[in-house]
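Engineer: Okay, handing you the structure first.
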């Protein structure tokens, strides 16, 4: 926000609260960062002021503002502010949970300072324009977005099969009203088949859209991301901001974005969707890390989330048959795998993360760069990696393993924290694993139960480290390997971090 733009947002006037007694009037003061509401006595009334007669609302808490006309002939006009804020639970619910709840409120003020409707309406329109501008400027959007995409719509993909078939209903019942109040412009596309979103974005005119929103689980995010990377102009396409409405089973991308903002994630699916819808409507554009992945069948794909091997991949893959259960499917399969764990033999090569490593991808991509060139440390999969400490920085971890997870984000689902220290853009991947030592069942049970709050890192049998690149080499020919929740051919697989290559719709943590 420039100083010149900030200085233009400075209004003050007197309103009445709609539906309330006229014994009080309200002095509204708008600044670039706050809306201050002061209760004052009506000059025609002799009454004492209520306690706490000054309320200060941060602009960051206001997601929408609308002007409204009266239902009957009147000189007055109405101005409505919409808020969603996190508040401590009250009453009976507060006994069982201290987790803040998402609370919606609206403030409807009537304005009738002048003797004719048109003048009052013009003044309310001026307030609306300045409030919308204040909200917009607080987003601190990149210059390319401000100059070319301010009045563009967001493209919203809705997977009707997402969330056990509830995705469309979740959007219609919980998102549409929020975006209407926020005046967020969008167009919905209902996906009709697997791969539809990928096909759609491959031929998309990027100049027509402000961003892409996915209303589904992480699978559709993976599809869209790889569709953007498959374009000839992928260098520009991957700059398209991506938002996620958590309407699927896992919803790790949405959970990681909200965790990055330091907000607690709403407990119910519906409130989680609303929370994400508000964030998208008022989003900042944030960079996020990805990884380039080479699979044993010669494919190169792009991961925004994770690579899974061993029991964590078994749970993710084999729970598909319980998809009708929604997120509960992971719990059902996890119990089965703890009781009958599978042992995975093989080894993992990795390149430790070094903050002094100057081979970071950031700002090194040009219009001539191909996706085949998007790595610095990877060799062809059929070439062995030297792990001789005298000549190479690569290291090797020998199995067997019961659990292997490599992530670039903090969450694996709404209620699973895989890597608690992670942000959206750390510049490295986090490799974590459990080797076969001691009681396998007990160690797995402790780990999977602790994933709800990320405290599994406190166990000494959970080993972890930041890495720049990795290679997984299974010894067997049968097993599960998953990339962002999608099964890939089983065999050697390698990857390397792509720091800050993507852009998402998120929020930086607030500094009060």
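Engineer: Check 443, 480 and return the single one that is free of Cβ contacts under 8 Å to residues at least 60 places away in the same chain and buried (at least 19 other Cβ atoms within 10 Å of the Cβ).
Structural biologist: One residue alone meets the criteria, 443.
Engineer: Here is a list: 429, 424, 374, 378. Which entry is under 24 Å from residue 287 (Cα atoms) and over 28 Å from the mean Cα position of the chain (by Cα)?
Structural biologist: Working: 429 fails: over 28 Å from the mean Cα position of the chain (by Cα); 424 fails: over 28 Å from the mean Cα position of the chain (by Cα); 374 fails: over 28 Å from the mean Cα position of the chain (by Cα).
Every option except 378 fails the conditions.
Engineer: Tally the residues that are in a helix (DSSP H, G or I) and either surrounded by 14 or more Cβ atoms within 10 Å (Cβ to Cβ) or out of contact with any helix residue (DSSP H, G or I) (no Cβ under 8 Å at 6 or more places or on another chain) (or both), restricting the search to the stretch 134-151.
Structural biologist: Restricting attention to the stretch 134-151, the residues satisfying the condition of being in a helix (DSSP H, G or I) are 134-137, 143-148.
Now restrict to residues that are either surrounded by 14 or more Cβ atoms within 10 Å (Cβ to Cβ) or out of contact with any helix residue (DSSP H, G or I) (no Cβ under 8 Å at 6 or more places or on another chain) (or both): 134-137, 143-147.
The total comes to 9.
Each row is one residue, and each column tells you yes or no for (1) closer than 29 Å to residue 74 by Cα; (2) surrounded by 14 or more Cβ atoms within 10 Å (Cβ to Cβ); (3) touching a residue at least 12 places away in the same chain (Cβ under 8 Å).
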residue	(1), (2), (3)
105	yes, no, yes
109	yes, yes, yes
117	yes, yes, yes
122	yes, no, no
127	yes, yes, yes
132	yes, yes, yes
153	no, yes, yes
158	no, yes, yes
178	yes, yes, yes
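Engineer: Out of all the residues in the stretch 402-415, which are surrounded by 19 or more Cβ atoms within 10 Å (Cβ to Cβ) and either at pLDDT 95 or above or closer than 21 Å to residue 217 by Cα (or both)? Outline the logic, then answer.
Structural biologist: Narrowing the stretch 402-415 to residues surrounded by 19 or more Cβ atoms within 10 Å (Cβ to Cβ): 402-414.
404, 405, 406, 407, 408, 409, 410, 411, 412, 413, 414, listed by residue number.
Engineer: Only one of 323, 362, 329 is buried (at least 21 other Cβ atoms within 10 Å of the Cβ), more than 25 Å from residue 437 (Cβ to Cβ), at pLDDT below 70 and in the same structural domain as residue 484 (by TED's automatic domain parsing); which?
Structural biologist: 329
Engineer: Only residues that are part of a loop (DSSP other than H, G, I, E, B) and at pLDDT 90 or above: list them for the stretch 1-51, please.
Structural biologist: As a first pass, look at the stretch 1-51 and keep what is part of a loop (DSSP other than H, G, I, E, B): 1-2, 8-10, 18-23, 31-33, 42-51.
Of everything in the stretch 1-51, those that are part of a loop (DSSP other than H, G, I, E, B) and at pLDDT 90 or above turn out to be 31, 32, 33.
Engineer: Same structure again: Could you tell me how many of the residues in the stretch 390-415 are outside any strand (DSSP E or B), farther than 19 Å from residue 465 by Cα and under 33 Å from the mean Cα position of the chain (by Cα)? Full working, then the answer.
Structural biologist: Taking the stretch 390-415 first, the residues outside any strand (DSSP E or B) are 390-394, 399-400, 408-410, 414-415.
Adding the requirement that they be farther than 19 Å from residue 465 by Cα leaves 390-391, 414-415.
If we keep only those that are under 33 Å from the mean Cα position of the chain (by Cα) as well, we get 414-415.
Within the stretch 390-415, residues that are outside any strand (DSSP E or B), farther than 19 Å from residue 465 by Cα and under 33 Å from the mean Cα position of the chain (by Cα) number 2.
Engineer: Moving on to the next point. Looking only at the stretch 370-389, decide whether some residue is outside any loop (DSSP other than H, G, I, E, B), free of Cβ contacts under 8 Å to residues at least 12 places away in the same chain and under 23 Å from residue 292 (Cβ atoms).
Structural biologist: Yes, that holds for at least one residue.
Engineer: Please go through the stretch 255-270 and give me each residue that is out of contact with any helix residue (DSSP H, G or I) (no Cβ under 8 Å at 6 or more places or on another chain) and over 21 Å from residue 212 (Cα atoms), ordered by number.
Structural biologist: 262, 264, 267, 268
Engineer: Only residues that are part of a helix (DSSP H, G or I), under 20 Å from residue 347 (Cα atoms) and either outside the structural domain of residue 472 (by TED's automatic domain parsing) or touching a helix residue (DSSP H, G or I) at 6+ places or on another chain (Cβ under 7 Å) (or both): list them for the stretch 416-450, please.
Structural biologist: 444
Engineer: State all residues of the stretch 457-512 that are touching a helix residue (DSSP H, G or I) at 6+ places or on another chain (Cβ under 7 Å) and part of a loop (DSSP other than H, G, I, E, B); if no residue qualifies, say none.
Structural biologist: Matches in the stretch 457-512: 459, 461, 462, 480, 484, 485, 507, 510.
Engineer: Turning to a different aspect of this structure: Specify which of the listed residues (226, 251) is modelled with pLDDT under 95, in contact with a strand residue (DSSP E or B) (Cβ under 9 Å, 6 or more places away or on another chain) and more than 19 Å from residue 153 (Cα to Cα). Don't jump to the end; show me each part of the working.
Structural biologist: Numbers: 226 fails: modelled with pLDDT under 95.
It is 251.
Engineer: Only residues that are at pLDDT 80 or above and either closer than 14 Å to residue 265 by Cα or assigned by TED's automatic domain parsing to the domain that holds residue 276 (or both): list them for the stretch 81-98, please. It would help to see each step written out before you state the result.
Structural biologist: Step one: of the stretch 81-98, the residues at pLDDT 80 or above are 81-85.
Scanning the stretch 81-98 gives 84, 85.
The values are calculated or read from the model by the stated rules, or taken from the named source; none is laboratory data. Just so we're clear, the structure is a prediction, and the values are computed from it rather than from any experiment. Positions of Cβ are backbone-derived with ideal geometry, glycine not excepted, and every protein chain shown enters the neighbour counts.
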